[in-house]
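Chemist: Shown below is the structure under consideration.
Derivation of every value follows stated rules applied to the coordinates shown; laboratory data play no part. Quick caveat: nothing in here was measured; it's all calculated off a predicted structure. Reconstructed Cβ throughout: ideal geometry from the backbone, glycine too, with neighbour counts over all protein chains shown.
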């Protein structure tokens, strides 16, 4: 199997791109538990109802195309695969619906309890909005999980390309935390800090890099670097690591690893 | 597109399930074949303020071994299916060579409701991650390979089987426990109620009087291995699979069914087969006006002139739409139909809608032994999936 990284984009609570990442996220956070990313200002009536996490997915793909000078027409249609990953980004919409339901039961009004909002609680809707916006009608996958799941998604994308099932593949990850900050604070020993909201996307194409999938016990240097600079970004971690390697011009040989719930997966481009 | 490789088939060794029709795979299958109605009033949580309070609720689960901290409803359903599966086919692969790949639409969302309602209960918050039940299952079966949760909504039970097959093809693992699950909870009942997708009548897939779906809960799992020509017992083989997006609408299928058509054609291509090989279709068939019409149109386009002679059914009339479990149960329907030489009828279908002109199995089961079958699935967010399956009798 062989692929190449065509482009990668990163948006985090620290700002757009890898240049915005601090040298030490923990220090830069200054005790803040969550570094929020905000709601992207995207034009279009269709986005009026869309949740923040949907918009972040669209914004990450948009940034990838804009920064690398790729026309939307290139990715449109059934020749582009979309692999979407998140561990937690559905949490904010789910939490909003649960709270609205509680308010409704208490006979007060809830702004988001209507039928129009409910579909946005599904993780698949985040990928769906991206597919609609960029008219992606090809192979499609959604994995729920953290950094290890993103490694799996990158590996799936590689296989889709290697098997000729698509000509290119977008691997997209989005994580939001702000709306569920209270829940994270109650389980603060379960997740590392600071929690940094992020959206990141990589575009893979056929290439010359051989890809190997593995289950390493220890983190790669890139995983350690991405965590130190970005903070805890769950599924976005491996894509941020890839962006750091790309920015350093070091994508000839890349060791990507990602851990989630005690399982570490690795992908090696050689 | 560049040249496409034909996928190697994978063996489906055995299956396990828990559904409103029965507490195990045998109960599911006998309930389907006898036309049992698994729909009832929901009793596990309050529904009296909802327009529709009925669904395919599992009233009683078999006693389980201690599950430790993995005690949420969704995990319990998964473990019940796993218990049934492992009773039929014990795991023989090394733990690090066993993967768990399960699909879901809701994950552990019921735990999120509890975490928000019961402040201080951190364990509920930790279980609210949608992938928590999959990790609970992996711990319970002792799998230490990849643990993947597929989130393609109501197509997830099919995508999970396809993803599991990929792990086997690549030699990452030697065995995969794959499938889907979802439990009924107030969150999803309230959501679909607000969407006005739930019918106050019975579910009538492909019927001219169809007026919506009812939800159900279930879990279904299969044990998959590489197809190495062994002579041991097996249910069948997964010959091809594909998932595709509509890129059309977040909660309605594409009016032309483009994503589903792409998935069906790609799955057939991967199987190295043409539509002429398909002898049975286990359809998504939700009973909603739009889904059934579009799905029927896609089947007619992809299966061609033989469509009128290929039996089609939907199991959702019997047990409701079991979301993440639905597609796995529909895949099992294909394999069990092949094993027993009988295709269950579509419960609730009495007057086929002319716009859903297919060879519906209705009224009673049909004595036919399909060798190669197609299962189609759709889900929120424009998710589509198709599986091509071969029964062990082939």
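Chemist: Report the FRET efficiency, 1/(1 + (r/R0)^6), for residue B:306 and residue B:209, where r is their Cβ-Cβ distance and R0 is 22 Å, rounded to 0.05.
Modeler: Details: r = 28 Å, r/R0 = 1.26.
Computed FRET efficiency for residue B:306 and residue B:209 comes out at 0.20.
Chemist: May I ask for the angle, rounded to the nearest 10°, between helix A:91-105 and the longest principal axis of chain A, with both axes built from Cα atoms and the value confined to 0 to 90°?
Modeler: On a 0 to 90 degree scale, this one is about 10.
Chemist: Taking every pair of alpha-carbon atoms in chain B, give the share separated by more than 35 Å as a whole percent. Could you put the intermediate results ahead of the total?
Modeler: Numbers: 13411 of 77421 pairs.
Of all Cα-Cα pairs in chain B, 17 percent lie more than 35 Å apart.
Chemist: As an exercise, use a Förster radius of 41 Å and the Cβ-Cβ distance of residue A:214 and residue B:340 to find the FRET efficiency, rounded to the nearest 0.05. List each step's numbers first, then the result.
Modeler: Details: r = 42 Å, r/R0 = 1.03.
Calculated transfer efficiency: 0.45.
Chemist: Quote the FRET efficiency, to the nearest 0.05, computed for residue B:8 versus residue A:102 with a Förster distance R0 of 56 Å and r equal to the Cβ-Cβ distance.
Modeler: 0.65
Chemist: Which of rounded, prolate, oblate describes chain A, given a ≥ b ≥ c as roots of the alpha-carbon gyration tensor eigenvalues and a/c under 1.5 marking rounded, otherwise prolate only if a/b is larger than b/c?
Modeler: oblate
Chemist: Could you tell me whether the stretch A:1-85 comes out rounded, prolate or oblate from its Cα gyration tensor? Rule is a ≥ b ≥ c as square roots of the eigenvalues, rounded for a/c under 1.5, then prolate if a/b exceeds b/c, otherwise oblate.
Modeler: Note, shape of the stretch A:1-85 comes out oblate.
Chemist: Still on this structure: With a Cα-only, solvent-free Debye model of the stretch B:163-215, what are the log10 I(q)/I(0) values at q = 0.22, 0.32 Å⁻¹?
Modeler: Log10 of I(q)/I(0), two decimals: -0.80, -1.16.
Chemist: In nm, to one decimal, how far is the residue A:76 label point from the residue B:249 one, both placed 7 Å along Cα→Cβ?
Modeler: Result for the modelled spin labels: 2.1 nm.
Chemist: Place a point 7 Å from Cα of residue A:24 in the direction of its Cβ. Which residues in the stretch A:175-196 have their backbone N less than 15 Å from it?
Modeler: Answer for the stretch A:175-196: A:194.
Chemist: Calculate how many DSSP beta bridges within chain A are antiparallel, expressed in % of all such bridges and rounded to the nearest 5.
Modeler: 65
Chemist: Helix-derived [θ] at 222 nm for the protein assembly as shown: sum -39500 (n - 2.57) over DSSP H runs of at least 4, divide by residue count, nearest 500?
Modeler: -10000 deg cm²/dmol
Chemist: Related question: So, in nm, how far is label residue B:50 from label residue B:392 when the simple model puts each one 7 Å beyond its Cα toward the Cβ?
Modeler: For residue B:50 paired with residue B:392, the spin-label model returns 3.7 nm.
Chemist: Determine one quarter of the surface area of the Cα convex hull of the stretch B:321-383, which equals its mean projected area, and express it in nm² to one decimal.
Modeler: Computed as one quarter of the Cα hull surface, the answer is 5.2 nm².
Chemist: Any idea what diffusion coefficient the protein assembly as shown gets from Stokes-Einstein, in µm²/s, Kirkwood Rh on alpha carbon pairs, 10 °C, 1.306 mPa s?
Modeler: 66
Chemist: Given a cut-off of under 8 Å on Cα pairs at least six residues apart, what relative contact order in percent is computed for chain A?
Modeler: So the answer I get is 30 percent.
Chemist: Given a cut-off of 17 Å, what percent of all Cα-Cα pairs of the stretch A:56-195 lie beyond it?
Modeler: Roughly 66 percent, rounded to a whole number.
Chemist: Hey, another quick one. Between residue A:68 and residue A:270, with labels modelled 7 Å along Cα→Cβ, what's the label distance in nm to one decimal, could you check?
Modeler: The modelled label-to-label distance comes out at 2.5 nm.
Chemist: Once you have the Cα-Cα distance between residue A:248 and residue A:39, take 0.36 nm times their residue separation minus that, and quote the gain in nm to one decimal.
Modeler: Taking residue A:248 through residue A:39 to full extension adds about 72.3 nm, to one decimal.
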